[in-house]
Structure formats: C-alpha cells, structure tokens
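Have a look at the structure below, then the notes.
FYI, it's all coordinate maths here, none of it is from the lab. These figures come from a predicted structure and were not determined experimentally. Reconstructed Cβ throughout: ideal geometry from the backbone, glycine too, with neighbour counts over all protein chains shown.
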Amino acid sequence: MKKVYLASGWFNPNQERRVKEAEEVLRGLGFDVFSPREHQHPQYEYMSNEWRKATFKSDVDHVDWCDFIFAVYDEEDSGTMWEIGYTYGKFGKEKPIIIYHETDGLVNLMISDSLTAYLKNMEDVKKYDFVNFPEIPYEGEIV
C-alpha cells in the first residue's frame, strides 16, 4: 500500500471541503493517507510550544515517510507551499509531487517546475497512474 502525505489548508469551508474530499478519494484508491488535519495532537494545548513542536516534527517525519505528496493548491496555504518545497529540496524528482488545483488561477513557477503531475479534478485523480507517476506538466501562465 502506497503512503501519501496530503498537504492542504483546512482553514475555511472551501479548503475543508477539498481536503476531506481528497482524503476520501485517496483512501478509496487504497492509499495509506497521512492528513495533518487529522493529527492535531489533542494532548497539547492548541498552538502551545509543545503542540507546535509535536506538529512540526510529525509533519516533517510524515513527508519523509510517504511515497508521494498530494498537495491541494487551491487558496494557497503557506504550510502546503513549505511542504512542497521541503519535499522537492530533499528528494528532488525521486518523490513524486502531485498538485491538485481545482480552481482557476496562476501557479507559482517554483510549484509548476517541481511538480510531477498537475490534476484539475477528482476524476483525473481517480484515473491517474499512481504506479508509474507519469509527468503531467502545468501548461498555464505562471507567477
């Protein structure tokens, strides 16, 4: 079973809907999904130093653990962008980065040129070859 790190914000209703849908679809495809949204370390006070350290360590450890990153790019989240950059910086093209970008909008050059595949809807996600990870470039305008 492939392990996936699901990078996404969940800080407003649209982001929360997208990340929940991605969790469901990826699990439906048979993946072991680590979604930081589901791992908030309730044993610590939210945003305390202990919580921050535990969350940072857990997220970094799970980026290292996974076989690939699935990042929801809509309504850009700085944590998601960091996770993409960390993955590419540490693993280069050895660890696939799948970008899911449901809405319209420009994509940052650093994301467009580090991704493995750019997918626009969940039907494309369901059809994607997660065994061979074929390249599907972003071909729109960049920022």
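Laid out as a table, the results:
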{"item": "Count of the range 1-59 residues which are basic (Lys, Arg), touching a residue at least 24 places away in the same chain (Cβ under 8 Å) and assigned to a helix (DSSP H, G or I)", "result": "2"}
{"item": "The listed residue being out of contact with any helix residue (DSSP H, G or I) (no Cβ under 9 Å at 6 or more places or on another chain), surrounded by 13 or more Cβ atoms within 10 Å (Cβ to Cβ) and among the hydroxyl-bearing types (Ser, Thr, Tyr), out of Tyr128, Tyr118", "result": "Tyr128"}
{"item": "Hits in the range 64-89 (condition: under 21 Å from Tyr128 (Cα atoms) and either more than 9 Å from the chain's Cα centre (by Cα) or not in a helix (DSSP H, G or I) (or both))", "result": "Cys66, Asp67, Phe68, Ile69, Phe70, Ala71, Val72, Tyr73, Asp74, Thr87, Tyr88"}
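Residues are listed down the side, and each one gets a yes or a no for (1) buried (at least 18 other Cβ atoms within 10 Å of the Cβ); (2) in contact with a Leu (Cβ under 9 Å, 6 or more places away or on another chain); (3) on the phi > 0 side of the Ramachandran plot; (4) among the acidic types (Asp, Glu):
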site: Leu6; (1), (2), (3), (4): yes, yes, no, no
site: Val33; (1), (2), (3), (4): yes, yes, no, no
site: Glu45; (1), (2), (3), (4): no, no, no, yes
site: Arg52; (1), (2), (3), (4): no, no, no, no
site: Lys57; (1), (2), (3), (4): no, no, no, no
site: Val60; (1), (2), (3), (4): no, no, no, no
